[in-house]
Amino acid sequence: MAALHSCSFSSLHSLPSVTVKYSRAQPRILRFQCRSSSDNKEDYLLDAPVSVGDGFSFSGGKYSDEPSPADEWFNKGKFVKAYPVSGTGEKAKDPIFGLTMGGSSQASSDLFRWFFVESGSSNNSPILLIHGLPSQAYSYRKVLPILENNYHAIALDWLGFGFSDKPQPKYGFDYTLDEYVASLESVINALTDKKVTLVVQGYFSPIAIKYASNHQEKLNGLILLNPPLTINHAKLPSSLSVLSNFLLGEIFCQDPLRASDKTLLSCGPYQIKEDVAMVYRRPYLTSGSAGFALNAISKAMKKQLKHYVEDTRAILMDNNWSVQTTVCWGQRDRWLSFDGVEDFCKESKHRLVELPMSGHHVQEDSGEGLGQLIAGIVGKRSSL
């Protein structure tokens, strides 16, 4: 991998310590030095392949070539190609400096690659597990084993997240919500030709509902985990909204601790462990493309979420909606208030399951319990 780099201040007078003192005497001339912690001469990599890394080290840990939970998770998964690449085929450049980006930021030549992990036999009824914003398929790691005996469970990474392709915005995929709806249809068709149960979490729920409204015949059921359902839910929380800000958003989205750790910890009681945190940080450590994608989807959400929440309410309230729908709600969600959710479910006649010990990311707070809940819901429908 690329060598780790350290930065230090030293003076032209060779100070014996790193402490810098200021006085009114003649100032010392300080020089900023960046040096490699190893002897090789590799350049610092701004946008490296996953196998190389970019040499970041920070207070929460460091990326290295040693085996990690991210490697173990990656080895469990596969890729499926779905949704055609648009654009001219021009090489993607970063939006700040205009430099040509590395391979992980370049769109495929034909179809995008989606990463997924599956459990259970493909002969069984499929359950598609869809993560929220910003998260990964990894969030369902405790759910998959619970479902494997009786179902074909599939957890996938959205484009721009985890190990799926992360094309630079305006170079094949712009991360609009409409594009996500169309791409979801494409990837579902590529994964299975059977009727599927969708389990979708958080701010990506309106996208799945929009897809489902046009393809009700392809669904066995819909399970929503803390979806935005009320008008008050149509505004992103501050920890996500800031990621869409001009310049500051670009900076924050490149910070693994803010892009992953802070967002995961700010929305509920979840306490992230270091080995788990490193899986979520991995995309931001290995390439700038993950940060650029997060910035783009945050902007799209900020602009389009209100319209999509209004559509969600209309779709789920429509008398023509025939998909059996269950809303599972983590009561300790700090992003989305429970106010109005119970009334909406009563009015729309959808089942509501309250989870008092879970927050926004239900699958992280109560993974095994959620797996059992999903199995019970799907099993009950199958027996009808």
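The values are calculated or read from the model by the stated rules, or taken from the named source; none is laboratory data. The shown structure was predicted, so the numbers you read here are calculated from the model rather than taken from an experiment. Glycine also receives a Cβ, built like all others from the backbone with ideal geometry; neighbour counts cover every protein chain displayed. Heavy atoms of the whole protein, side chains included, go into the accessibility calculation; ligands, DNA and RNA do not. Shrake-Rupley method; radii C 1.70, N 1.55, O 1.52, S 1.80 Å.
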* Just one of the numbered conditions (1) modelled with pLDDT of 95 or more; (2) not in a loop (DSSP other than H, G, I, E, B) is not true of LEU336; which one? -> (2)
* To do: Give the range 131-159 a look and list any residue that's of a type in the set (A, V, I, L, M) and in a strand (DSSP E or B), or say none.
  => ALA153, ILE154, ALA155, LEU156
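Mind checking whether some residue in the range 274-297 is free of Cβ contacts under 8 Å to residues at least 40 places away in the same chain and over 15 Å from the mean Cα position of the chain (by Cα)? Let's see the steps before the verdict.
Of the range 274-297, the ones free of Cβ contacts under 8 Å to residues at least 40 places away in the same chain are 284.
Next, only the ones that are over 15 Å from the mean Cα position of the chain (by Cα) stay: none.
Checked against the condition, which is being free of Cβ contacts under 8 Å to residues at least 40 places away in the same chain and over 15 Å from the mean Cα position of the chain (by Cα), the range 274-297 yields no hits at all.
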* In the range 236-261, the residues that are assigned to a helix (DSSP H, G or I), more than 14 Å from SER139 (Cα to Cα) and in contact with a Phe, Trp or Tyr (Cβ under 9 Å, 6 or more places away or on another chain) -> SER239, LEU240, VAL242, LEU243, GLU250, CYS253, PRO256, LEU257, ARG258, ALA259
* Structure fact -> Note on PHE338: of the conditions (1) out of contact with any Phe, Trp or Tyr (no Cβ under 7 Å at 6 or more places or on another chain); (2) over 22 Å from TYR140 (Cβ atoms); (3) aromatic (Phe, Trp, Tyr), unmet is (1)
* Report the residue count in the range 264-278 for those that are surrounded by fewer than 23 Cβ atoms within 10 Å (Cβ to Cβ) and not in a loop (DSSP other than H, G, I, E, B). => 7
* Failed condition for ASP365, given (1) within 25 Å of LEU177 (Cα to Cα); (2) of a type in the set (Asp, Glu); (3) under 23 Å from the mean Cα position of the chain (by Cα), with all others met? -> (1)
* To do: Report yes if VAL327 is open to solvent by less than 40 Å² (accessible area, probe 1.4 Å), outside any loop (DSSP other than H, G, I, E, B) and touching a His at 6+ places or on another chain (Cβ under 7 Å), otherwise no.
  => yes
* **ILE188 being touching a strand residue (DSSP E or B) at 6+ places or on another chain (Cβ under 7 Å) and in a helix (DSSP H, G or I)** => yes
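Residue by residue, here is whether (1) more than 16 Å from SER135 (Cβ to Cβ); (2) at pLDDT 95 or above; (3) of a type in the set (S, T, N, Q) holds:
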{"residue": "ALA182", "(1), (2), (3)": "yes, yes, no"}
{"residue": "VAL187", "(1), (2), (3)": "yes, yes, no"}
{"residue": "ALA190", "(1), (2), (3)": "yes, yes, no"}
{"residue": "THR197", "(1), (2), (3)": "yes, yes, yes"}
{"residue": "GLN201", "(1), (2), (3)": "no, yes, yes"}
{"residue": "SER213", "(1), (2), (3)": "yes, yes, yes"}
{"residue": "LEU224", "(1), (2), (3)": "no, yes, no"}
* To do: Within the range 191-211, track down each residue that is in a strand (DSSP E or B) and not hydrophobic (A, V, I, L, M, F, W, C).
  => THR197, GLN201
* Within the bounds of the range 279-299, is there any residue that is at pLDDT 95 or above, open to solvent by 20 Å² or more (accessible area, probe 1.4 Å) and more than 23 Å from TRP73 (Cα to Cα)? -> yes
* Go through HIS307, HIS360 for me and flag whichever is modelled with pLDDT of 95 or more, over 17 Å from ASN220 (Cα atoms) and open to solvent by less than 10 Å² (accessible area, probe 1.4 Å). => HIS360
* Qualifying residue in the range 189-199 (condition: without any contact (Cβ under 8 Å) to a residue 24 or more places away in the chain, open to solvent by 20 Å² or more (accessible area, probe 1.4 Å) and not basic (Lys, Arg)) -> yes
